[in-house]
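Just so it is clear, none of the values below were taken in a lab; they were calculated from the coordinates. What you see is a predicted model; the values in this text were computed from it and never measured. As a convention, Cβ positions derive from the backbone with ideal geometry for all residues, glycine included, and neighbour counts pool all protein chains shown.
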Amino acid sequence: MANVPDEVIDCVESDDRGFLTRVRRLIQNVVTQRSPAKLFVVRIDNWFGENWLGFGGKVMGAVGVHPTELTVPPFKPSRVVSQRVFARAESGSYAEVDSVERLHRDIPSEENLRRTLRAITESGVFVWFSGNSQANGRGSVLVYDSTEAEPFAWYAGIARSEDWRIASQKGISRETVESLIAP
């Protein structure tokens, strides 16, 4: 198993600990399976839907574009609560690194369409997760993976009833998501 620090996600007051536990497990399991050179973990201020999966931006301010090559999803920088970057050492463990480059910038949408995952790193796993899960009773996770020749992405919506369960998924099977968040 890859050695990703437990503190990969900070808990804040508005987070439901059950949701964060599942996101931590998901990150640990994805990193163990994929073994990326870099891991990016981004907290978004609130819940987000599956329409962000593969969304690259808008052209001429109106038409939404889902480019053929994965780009950084164009979350407004004001929605980004935190961004953490971890690098894999030769030992296989991951340590947080200083990163001056922010994934989310206040740039024109057309420019964001050129910000591909490959331009950021040849071997990376990018995880976006939603904050405010305590009040919302739901959370979301978006995973982009550039460790393979063909980058891929998927989304999972997780909702709280008696416990946290997969409510929706896109680009991945429900069973796979369940296996990634299981204890």
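Structure notes:
- Candidate set: the stretch 148-176, residues that are outside any strand (DSSP E or B) and touching a Phe, Trp or Tyr at 6+ places or on another chain (Cβ under 8 Å); chosen: the one surrounded by the fewest Cβ atoms within 10 Å (Cβ to Cβ): G171
- Flag if G18 is within 21 Å of A167 (Cβ to Cβ), in a loop (DSSP other than H, G, I, E, B) and not aromatic (F, W, Y): no
- The set of residues from the stretch 110-147 being farther than 24 Å from V81 by Cβ, in a loop (DSSP other than H, G, I, E, B) and over 17 Å from the mean Cα position of the chain (by Cα) comprises L113, R114.
- Among the residues making up the stretch 124-161, a single one is closer than 16 Å to C11 by Cα and among the charged types (D, E, K, R): R138.
- Test: residue in the stretch 80-87 that is within 14 Å of I9 (Cα to Cα), among the charged types (D, E, K, R) and within 16 Å of the chain's Cα centre (by Cα): yes
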